[in-house]
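Structure first, then comments.
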Amino acid sequence: MTHTTNAELGRIVASLKGHGLSIELLDEGALIYSGETRVALFAQADERGGVLVRLHLDLDLFVEEDAVTEVLLGMNLMNQELDYGSLVLEPVEDEDEQVAFAVMGRSVLWLPDLDGVELRRLHEHLRRFEGDVVGAVERSLQGGGGMQA
């Protein structure tokens with residue numbers, strides 16, 4: 001696996017800032033603020049050329065271990081409706097060493113290069129990914145079906 005250079009990440013960040021997004025640089029990526037949501041962006045050079053961009057959307061939803069089966073069923077249904085990403089469970093441990101899971105949105109986009117067209121495509125993908133995932137979760141939680149945390 002190869003990593004992007006700071007210059008590649010810098011071009012991505014500059015482009016997204018140009019679209020009015022607030023961004024904080026991280027050690028290996030960037031944190032994008034859009035309203036109340038935070039999307040972590042990680043980029044790496046693809047060995048076949050281009051750049052792989054990984055998006056991680058923290059939804060601040062947690063599931064206890066005993067509810068995982070029901071939540072997975074709901075997430076599978078919601079994932080079928082998503083065009084720009086998927087919902088996954090990430091294990092987390094709380095201070096009592098109990099196992100819980102965070103509900104996260106994930107997406108991957110391959111950019112053949114970092115020209116203006118591809119950077120605009122990344123911005124659109126990011127916007128639609130965030131909207132799709134947040135919308136699906138909100139509909140599920142408001143509708144009383146699907147996922148219950």
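No lab work stands behind these numbers, since they all come straight from the coordinates. Model, not experiment: these values are computed from the prediction. Every residue, glycine among them, receives a Cβ derived from its backbone with ideal geometry; neighbour counts consider all protein chains shown.
Take every pair of alpha-carbon atoms less than 8 Å apart whose residues are at least six positions apart; their mean separation over the length of the chain yields a relative contact order of 24 percent. Determine the sum of side-chain charges near Leu114: Lys and Arg each +1, Asp and Glu each -1, restricted to other residues whose C-beta is under 9 angstrom from that of Leu114. Value of the local net charge: -3.
Taking the centroid of alpha carbons for each part, the range 1-68 and the range 71-88 are 20 Å apart. Once you divide the Cα radius of gyration of the range 1-58 by 2.2 N^0.38 Å, the number left is 1.10. Convex hull volume of the Cα atoms of the chain, normalised per residue: 130 Å³. Of the DSSP H helices in the chain, those that are both long (alpha-carbon extent of 27 Å or more along the helix axis) and hydrophobic (Kyte-Doolittle mean at least -1.0) are 116-143. Placing dummy labels 7 Å off each Cα toward the beta-carbon, the span from Gln80 to Arg121 is 2.9 nm. The charge dipole of the chain, taken about its Cα centre with unit charges on the Cβ of Lys, Arg, Asp and Glu (plus for the first two, minus for the last two), comes to roughly 1020 debye.
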